[in-house]
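Report on one structure; see the data block that follows.
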Amino acid sequence: MTKTNPLLSPFSLLLGAYYFFYFALVGVYVIFMPKALLELSYSTVEVGIIYAASPFMRFLLPFVFRHWVALSPKVYLYALAFTFVGTLLFIASVKDFWLYLSANLLFGAAMGISLPYVETIALSRLSKNHYGKVRLWGSLGFMGIALWLGKVLTSPHEALYYLSVMALLTLLFGAYLIKYDHTAHDAVHEDASFSLSKYWAFWTSIFLMQVGFGGFYNFFTIYETDHGISLEMTSWMWSFGVICEIFMLYFQGPLLQKNLLHILQFTTLITAFRWLLLYLFPDSIALTFASQSLHAFSFALYHTAAITYIFSLYTQKKLAQQFFLGIAFGLGGSVGAILSGKLYGEYLFLIESGITLCAFFILLIHQKRKKENTHV
């Protein structure tokens, strides 16, 4: 009897489709919407505030789910529906800053709920090896939408329409995943022993690392096109970074057997150098592609090493991972968006490089404190 390839099972194909459209949705939102907002007469400060809303909601969610709400199939379905509704509200409200900001708060909260739910199902049904290969459909969705819209996008409203279509497809494929959910959904559980202050230097470092990403996630497209690079070429730059990310995800296994804290220090330092390259050579296509190649280290390797390292620090594994997403991509992303909106200009990536360098030095403090605590 021939064994079925797990990657071709109905579950894997459905999960891959969800990842593909979810991250295509993220791609439209991150790559093309900031520039679209500028074309609709938003200021860079307003764009920064708008792009702080979604990660801020991601920061709040771990506290909400720790104390008041359980992540159930019903809550997940509401999240998928409100993600789609949020994109429709974008179309209706984009001409009014405050209404559009409110829609982003709803959108950010909904997006922050659905992905963790799906990840729980995926990790419970797939081996680590197969999980990574299915998860890569998300990277392909992000890259595919970047290349496609880089060619065809002609008006800011078109980006909004693509956003809604991706949200609808995410809803349709995501809703079917509920039937594969066989995990227990416990009631809300508080764990008073969980402490952020014990490793305050580590949490501060990952926060600053994501603050340093603010200029890249929210203004890279604007920054490059302002320096004479075409939107199509900029979309290729985004895609090249994702290709390098995929390569690292496939081959990083042996690296993760090394000292994880040293990997975090190395990748943080590499990221500081990456932003320095963007500051020094903003109009060089070759050197900008070179800086994008470092995404393999500053995102893929850093992210995996951080998750694995946190897993070793805390006994409350799931809660620790929620706070990692909340503090890094939530609070760090929110502050990074606002700060980059205020700083946008010639020195943006020089300042981002300095912030990331601070994250590196604070990791050294964490290493020293951890050694001292070990010897007590």
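At-a-glance table
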{"item": "Residue match in the range 23-41 (condition: at pLDDT below 90, surrounded by fewer than 21 Cβ atoms within 10 Å (Cβ to Cβ) and outside any helix (DSSP H, G or I))", "result": "yes"}
{"item": "Selection within the range 320-376 - acidic (Asp, Glu) and assigned to a helix (DSSP H, G or I)", "result": "352, 372"}
{"item": "Which listed residue, of 199, 176, is farther than 30 Å from residue 339 by Cα and modelled with pLDDT under 90", "result": "176"}
{"item": "Output for the range 82-96, where each listed residue is touching a residue at least 12 places away in the same chain (Cβ under 8 Å), in a helix (DSSP H, G or I) and surrounded by fewer than 16 Cβ atoms within 10 Å (Cβ to Cβ)", "result": "88, 91"}
{"item": "Meets criteria (in a helix (DSSP H, G or I) and under 18 Å from residue 11 (Cβ atoms)) for residue 144", "result": "no"}
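The values are calculated or read from the model by the stated rules, or taken from the named source; none is laboratory data. All values reported here derive from a predicted model rather than from experimental measurement. Every residue, glycine as well, gets a Cβ built from its backbone with ideal geometry; the counts of neighbours run over all protein chains shown.
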